[in-house]
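Have a look at the structure below, then the notes.
The values are calculated or read from the model by the stated rules, or taken from the named source; none is laboratory data. Small disclaimer: the values here were computed from a predicted structure and weren't measured. We place every Cβ from the backbone using ideal geometry, glycine too, and count neighbours over all the protein chains shown. Side chains are part of the model used for accessible areas, which takes the heavy atoms of the whole protein and leaves out ligands, DNA and RNA. Shrake-Rupley method; radii C 1.70, N 1.55, O 1.52, S 1.80 Å.
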Amino acid sequence: MRHLLTIEGMSREELEDFLDLADEFLEVLDRPIPKVPTLRGATVATMFFEPSTRTRLSFERAARALSADVLTFAPATSSVTKGESLKDTALTLRAMGADLMVVRHSATGAAHRVAQWVDVPVVNAGDGAHQHPTQAILDSLTLRRHFGKLDGLHVGIVGDIRHSRVARSGLQAFSTLGARVTLIAPPTLLPLDMTGWPVEVAHDFDDVLADLDVVYLLRIQQERGGATGFTSLPEYVRRFGLDDARFARLRPEAVVMHPGPMNRGVEISPHVADSSRTLILDQVRNGVAARMAVLFRLLASPGEGT
Ligand code: CP
């Protein structure tokens with residue numbers, strides 16, 4: 001694999017390779033000195049043109065845990081403010097010695113374009129509402145570690161599916177790994193075209209709630225127009241929020257996930273957010289190992305051990 005730009009088309013074998021590697025890296029992260037020399041001498045550039053807490057910092061933590069150097073690019077304090085293009089920014093970081101670029105951008109396809117311009121691996125850390133492949137890998141890892149396997153799990157992805165790259169990547173990964181996926185949203189927050197998507201659709205959260213093993217909540221993507229998909233926030237919360245009453249009706253073994261950032265009191269109640277039945281901080285922890293697996297697979301020799 002030269003780049004990681006999308007989950008679409010990825011085989012079960014390729015996904016499981018990332019999960020197996022990530023399991024090994026979780027063991028590394030548990031060591032007193034959580035670091036291996038695997039990528040010593042390599043430089044990972046993080047280019048985030050949209051805000052991020054989890055993805056950028058976990059890529060940087062992952063790179064350092066593999067002994068790589070990190071080049072952090074921040075657009076607000078860069079020459080992008082003077083009109084420099086994405087292409088010239090990427091070529092500049094490459095000329096400084098970046099051996100891999102992690103790209104987040106509001107435009108669909110931005111990471112694909114960077115991959116055409118530079119001669120090093122590119123990882124898509126989120127492009128518009130299109131794809132967020134490492135989120136899907138870390139979420140699959142979290143589910144596999146919790147349940148042992150994804151085969152037969154019923155995953156309900158709830159909320160602003162239309163504007164969600166997390167949903168698009170996640171549903172493909174979960175389905176490839178054997179889960180049944182139901183998208184739960186009003187029609188106005190679903191994509192107009194879902195031809196070929198391996199999903200079922202429900203418009204009433206309460207109808208499917210008690211059948212779910214996993215409730216995967218999404219925030220409303222205000223920055224992409226998500227708030228235009230319903231008439232009022234209280235109505236959205238009443239119909240699609242995981243409040244305490246709905247939480248009490250979940251199966252006892254069901255878990256709650258969220259990619260973050262959460263909006264407490266909107267898609268998730270504060271009580272649910274703090275419950276021991278959420279895997280939200282496990283997702284964050286597993287994200288570092290998942291990103292170590294991705295950096296390793298793209299920068300070290302394929303098939304090499306840790
Ligand atoms: N899940 C996720 O992409 O979070 P950040 O926006 O904080 O990176």
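Debye-formula intensities of the stretch 133-279, expressed as log10 I(q)/I(0) at q = 0.11 Å⁻¹, are -0.35 (one equal scatterer per alpha-carbon, no solvent). Taken over the C-alpha atoms, the chain has Rg and Dmax values of 19.1, 56 angstrom.
Result for the chain in a Gaussian network model with C-alpha springs under 10 Å: among Val28, Val256, Val102, the largest mean-square fluctuation is at Val28. For Ala179, neighbours were defined as the other residues whose beta-carbon sits under 14 Å from its Cβ, and their charges (Lys and Arg +1, Asp and Glu -1) total -2. Averaged over all directions, how much area does the convex hull of the C-alpha atoms of the stretch 48-177 cover when projected, in nm²? The directionally averaged projection comes out at 9.1 nm².
Heavy-atom accessible area for Leu233, with the other protein chains in place and a 1.4 Å probe, reaches approximately 80 Å². Heavy-atom accessible surface of the stretch 119-217, averaged per residue, reaches 29 Å², computed with a 1.4 Å probe.
Distances between placed amide hydrogens fall under 5 Å for Asp69 paired with Gly41, Ala42, Thr43, Val44, all partners being 5 or more residues away or on another chain. By DSSP, the beta bridges lying fully in the chain are antiparallel in about 5 percent of cases. Close amide H pairs (under 5 Å, H built 1.01 Å from N) link Leu242 with Ile268, Ser269, residues at least 5 positions away or on another chain. Round to the nearest 10 and give me the degree value, 0 to 90, for the angle of helix 86-95's Cα axis relative to the longest principal axis of the chain. Tilt relative to the chain: about 40 degrees.
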